[in-house]
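Below: the structure, in C-alpha cells.
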Amino acid sequence: MSYSRDAAVDYARRNWNTNCHDGVISIIGGPIISVEAKKRQLGLSPSSDWKIEWMRKYRHSDDRGNMVEEQEAANFVGPGVALFLCRDGMA
Amino acid sequence: MKTDYVPWANSFLRGLSFSKVIADEVSQDRATRIIDKQVMKEGDVILYFAVPGPDAELGGGYVHSAIFVSPTTISCHTISRFNEDWTAPHDGAGFRFTLIHFGHDDPPIPEDATLAGWWEMNWRGTPYFYFFERGRAWYTKNRPSRSTNPKLGSIGHYFEPRVATTSDFLICWKETGSVEELSIGQDRQSLAGRWNGSEQIAGNKLSL
C-alpha cells in the first residue's frame, strides 16, 4: 500500500468546504445533513448541477428584519442561483 | 479506508506498516512541543481523544480526526476547516492528542550508523538504557545483557531536526510525548542534550 501526501492534501483542499465521499455535511448546532436527501427535499434537480458549499460568519436578516450572524452556514450553489442553508437544515 | 468512525480509523492507521505513532493520547503541551518541532508532515494525521467522563464529548474516546496540511495546520470535517491551527477543533480541556506520522518517505538518518545499538543515558540521576535502530528507539530501566534489539519497554521515534537547532537529532517518546534533543559527542561514543527543552540528559554508548 502506498500513501501520497500530495493526494491527501489535494483531497482536503478540494473537499474541505463541501461534502466528501460520505455525502453529509454538518453545521454547528445542527443535525448531520445528507446532501442528496436535502436536494430531493428542496427539488434541486438535476442533482449534479447543485453543489453544497460551506460558509463561515454568514450574515442575513431574520423574520423581523434584524441582521443576525450565523457562525456557520451552507449554500446550495446551482445554475445562476444559491440557496442558503442554515443550521436547522431549512433553506 | 472509508469510515466516519474515528476509533476504527485509529486502529487502521496504527496498523499500517509505515505508520509511526509519535505520541499516544498525550496532553496538549506535549503535542505542542512535538508539532512545533515540525515532526508532523503534510498528510499526517491527528486524532482527538475525549477523556471519558460525565461531560466528555460522545461519552469519551476518539471523537475527531484531521490531517495536517502543513506542519502545524489541519483540515477536517464535519465542521469544515482547511489550513487552521491543529488546536482549532479542540483545545486541551478534556482532550488528549494522538499524532500519527507516515514514515514511508522519511529520509535516511545520517547518524544511524553511529546511533545503532545500546546507550546508557542518565536523566534525573537514574540510568536508562536506549536502543536505536533505523529511526526507532526503545528504552528500558533494565541493564541489557545482549547486543540485540529487545523490542521491549517504551518506544520512540527519532528524526533529524526540522527546525533550526544545535542538536543532531530528536527523539519523540510515544507514551509520554516527551521530546529529547541530543547531540553526538566528538568521540562518537557520547550523547548530550535536553529533555523537553529544559532538563539535561546525557550518556554513553555501551559495548556489548
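Looking across the range A:2-27, the residues that are surrounded by fewer than 18 Cβ atoms within 10 Å (Cβ to Cβ), assigned to a loop (DSSP other than H, G, I, E, B) and more than 7 Å from chain B (Cβ to nearest Cβ) come down to A:2, A:4, A:18, A:23. For the range B:58-65, the count of residues that are within 25 Å of residue B:162 (Cβ to Cβ) and in a helix (DSSP H, G or I) is zero.
When we screen B:49, B:68, B:97 for residues that are under 23 Å from residue B:181 (Cβ atoms), surrounded by 15 or more Cβ atoms within 10 Å (Cβ to Cβ) and either modelled with pLDDT under 95 or more than 11 Å from chain A (Cβ to nearest Cβ) (or both), the only hit is B:97. Is it the case, given these coordinates, that residue B:84 is within 12 Å of chain A (Cβ to nearest Cβ) and acidic (Asp, Glu)? Yes: the conditions hold for residue B:84. What about residue A:77, is it surrounded by 12 or more Cβ atoms within 10 Å (Cβ to Cβ), touching a strand residue (DSSP E or B) at 6+ places or on another chain (Cβ under 7 Å), at the interface with chain B (Cβ under 8 Å from one of its Cβ atoms) and at pLDDT 80 or above? Taking the combined requirement at face value, the residue does not satisfy it. Of the residues making up the range B:152-189, those that are modelled with pLDDT of 95 or more, more than 12 Å from the chain's Cα centre (by Cα) and over 18 Å from residue B:111 (Cβ atoms) number 0.
One line per residue, one yes/no per condition, for (1) touching a helix residue (DSSP H, G or I) at 6+ places or on another chain (Cβ under 9 Å); (2) of a type in the set (Asp, Glu); (3) within 28 Å of residue B:6 (Cα to Cα):
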site	(1), (2), (3)
A:5	no, no, yes
A:13	no, no, yes
A:65	no, no, no
A:75	no, no, yes
A:79	yes, no, no
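Checked against the criteria, residue B:79 does not count as farther than 28 Å from residue B:199 by Cβ, modelled with pLDDT of 95 or more and either in the same structural domain as residue B:31 (by TED's automatic domain parsing) or in a strand (DSSP E or B) (or both). Within the range B:169-208, the residues that satisfy the criterion of being in a strand (DSSP E or B) and among the acidic types (Asp, Glu) are B:180, B:181, B:199.
Quick one: is residue A:30 within 14 Å of another protein chain (Cβ to nearest Cβ) and touching a Lys or Arg at 6+ places or on another chain (Cβ under 6 Å)? So residue A:30 fits the description; yes.
Taking first residues from the range B:138-160 that are more than 15 Å from residue B:181 (Cα to Cα) and partners that are acidic (Asp, Glu), the Cβ contacts under 6 Å between residues at least 6 apart in sequence or on separate chains come to B:149/B:133; B:154/B:175. Set side by side, the residues A:83, A:44 differ, and just one is at pLDDT 85 or above and either away from every other protein chain (no Cβ under 14 Å) or in contact with a Lys or Arg (Cβ under 7 Å, 6 or more places away or on another chain) (or both), which is A:44.
Every residue, every condition in (1) without any contact (Cβ under 8 Å) to a residue 12 or more places away in the chain; (2) out of contact with any Lys or Arg (no Cβ under 6 Å at 6 or more places or on another chain); (3) not assigned by TED's automatic domain parsing to the domain that holds residue B:154, yes or no:
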{"residue": "B:18", "(1), (2), (3)": "no, yes, yes"}
{"residue": "B:38", "(1), (2), (3)": "no, no, yes"}
{"residue": "B:64", "(1), (2), (3)": "no, yes, yes"}
{"residue": "B:84", "(1), (2), (3)": "yes, yes, yes"}
{"residue": "B:97", "(1), (2), (3)": "no, yes, yes"}
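The values are calculated or read from the model by the stated rules, or taken from the named source; none is laboratory data. Predicted model only: the values in this text are computed from it and were never measured. Methodologically, a virtual Cβ is constructed for each residue, glycine included, from the backbone with ideal geometry; neighbour enumeration extends over all protein chains shown.
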